[in-house]
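The values are calculated or read from the model by the stated rules, or taken from the named source; none is laboratory data. Being a predicted model, the structure only gives us computed values, none of them experimental. For neighbour counting, all protein chains shown are included, and Cβ atoms are generated from backbone atoms with ideal geometry for every residue, glycine included. Ligands, DNA and RNA are stripped out before the accessible areas are found, and what is left, the full protein with its side chains, is counted by its heavy atoms. Shrake-Rupley method; radii C 1.70, N 1.55, O 1.52, S 1.80 Å.
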Amino acid sequence: MAQPSQMHLLLSGPHPRVGGGVVAHCGALGDALVRLGLHVQQVHVGAGLDEDQTLGAKLRGVQSLLRGLPNFARRARGQLVHLNPSFTPKAVLRDAALLIAAKVTGAPTVAEFHGGMPDDVPGILGRAALRVLMNADALVVINRLQERALAARYPAARGRLHRIPNGVCLPDVDVDQLIDGRLANPTLLYMGRLLEEKGVLDVIRAAAHLPGVQVDVAGDGPALSPAQALASELGIAGRVTFHGHVGGEAKEALLRAASLFVFPSYYAEGQPIVLLEALAWGIPVITCDLQPLTDLITPECGGLVPPRSPAAVADVARHLLSRPEVYAAAAGHNRALAEHEYDLELVARRFVQLYRQVQWRRT
C-alpha cells in the first residue's frame, strides 16, 4: 500500500478569483496534505464557467473547459484525482467532464461535494452530470443533510459515501485570557458574503436592541449598501464598522477581539468556513436553528435562533454577554470542538486515509 510520501494528488477546484469557501478549502487542504508528505498539484479547469450568467460567458466557459480537458487528462495519469464540485449546475458539469477525463487515464477519483443539495441541480443535463460524478471511487460530503440526500437518491453509491468536514488551521491562542477583554468591550462580528439571506441585516437590527455593543461587518456583497443604510436609519451607524473583505492579520485581529460571532444565515449553506474559524478562536456563536448549520453549531456553542429573528439574536447576545460563566463555558467548548473535530491537520489525515482506501481498492 502506498505511503503518503509516495502519493501523487491532482487537486482540482474553482479558480481562486471566484473566492468563497470552496476555494479556501482547496488551498488550505492542499497545503496541509503537502505538510503530510504528499505531492500535490492544484489545477483549475473551466474557470470561465464561474463567470456571469450571460450566454457569451457560458460559451466561453465551455470552450475553456474543453480546451483544458486534454491537459487535465495528461496530468491525471498516474495520480489520484480529487475533485471539488458544489451542488450547482456549473460545478457538476465542469467536474463531470473532469471525472470522465480522469477515468480515461485510469486515475482513481474522489469527488467532494460542498455547498447546496442534490435537488439544487436542475435540468436533464445537470442531473446527468450528477450521475456521472456518482461513479467516482469515493464520494465525500461535508454534512449529514447531504449524506442522507445522496444515499437516498443513489443507493448504489452508499458504500463509497464518506462524511469528512471542512477544516481550519487552529490559531495559537489561550482563549481564557481573551474572555475578560471580550466581555469588557462587547463586539458582534459578522464575517462572510454580504447577502440578505446570510443574515447581515438581521445582525444590524439586533444591534439596535443592544446599547453600547459595537458591530464589525467583514465582507463584500450586494447587501453592503442596504446594510449601511439600515445602520443609519436605526441610528447606530457610529457603532457599526464595515471593513470590506479582510484577510491575514486584519482578519485575525477581528476574530481575536470579537465577543460574539453572529451569523443568522438562512442561505443554503454547506459548512461555512467562517463558523469553523469562530470555533477555533473560542468565540461563542449565534446562528440559525436550521440544518445543516445545526450539524456544526449546537446550543452549547452559544445560541440557535429562528431565521429572520433579530430580536431573538439580541436576546441570546444579551444572555451570553451578561453571564460570564455561561460565556466562558461556550468559549471553551468551541475551542475544544475545533481541536477535536475541525483541526485542518486531522481533516487532512482523514483524507490521506481515504486516498489509501481508494488506492487499495484499485490494486
Could you check which residue among ASP216, ASP137, ASP120 shows the biggest mean-square fluctuation in a GNM of the chain with a 10 Å Cα cutoff? ASP120
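Which percent of the accessible heavy-atom area of region 204-363 goes to carbon and sulfur, probe 1.4 angstrom? Please list the in-between numbers first.
Numbers: 3540 of 6760 Å².
The value for region 204-363 is 52 percent carbon and sulfur by accessible area.
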The computed P(r) of region 246-329 puts the percent of Cα pairs beyond 15 Å at 55
Just to make sure I understand: if all protein chains stay in place, what is the order of TRP281, TRP360 by accessible area at 1.4 Å, largest first? TRP360, TRP281
Using the Cα centre as the reference, give the magnitude of the dipole from point charges on the C-beta atoms of the chain (Lys, Arg: +1; Asp, Glu: -1; all else neutral), rounded to the nearest 20 debye. 1800
Please give the calculated 222 nm ellipticity per residue for the chain, where each DSSP H segment of at least 4 residues contributes -39500 (n - 2.57) and the sum is spread over every residue; nearest 500 deg cm²/dmol? -14500 deg cm²/dmol
Given a Förster distance of 56 Å, the FRET efficiency implied by the Cβ-Cβ spacing of ASP289 and ARG74, rounded to the nearest 0.05, works out to 0.70
Out of VAL121, VAL262, VAL173, any idea which swings most in a Gaussian network model of the chain, alpha carbons joined below 10 Å? VAL173
With every protein chain kept in the model, how would you rank TYR327, TYR154 by accessible area, 1.4 Å probe, largest at the top? TYR154, TYR327
How big is the accessible area of ILE142 in square angstrom, nearest 10, if you roll a 1.4 angstrom probe over the protein chains? 10
Over the chain, with neighbouring protein chains present, the accessible area per residue in Å² at probe 1.4 Å is 43
If I model the chain as equal point scatterers sitting on the Cα atoms and use the Debye formula, what is log10 I(q)/I(0) at q = 0.10, 0.15 Å⁻¹? -0.65, -1.27
Once both axes come from the Cα atoms, what is the angle between helix 344-362 and the longest principal axis of the chain, in degrees from 0 to 90, rounded to 10? 20
Sorted by accessible surface (1.4 Å probe, heavy atoms of the protein chains only), largest first, HIS114, HIS8, HIS162 come out as HIS8, HIS162, HIS114
What number of lysine-lysine pairs in the chain show an alpha-carbon separation below 24 angstrom, given a sequence spacing of 8 or more or placement on distinct chains? 4
GNM, the chain, Cα, under 10 Å: largest mean-square fluctuation among ALA156, ALA138, ALA280? ALA156
Helix 144-153 axis, angle to the chain major axis (alpha carbon atoms, nearest 10°): 40
For a quick check of understanding: with a 1.4 angstrom probe and all protein chains in place, what accessible area in square angstrom does PHE263 have, to the nearest ten? 0
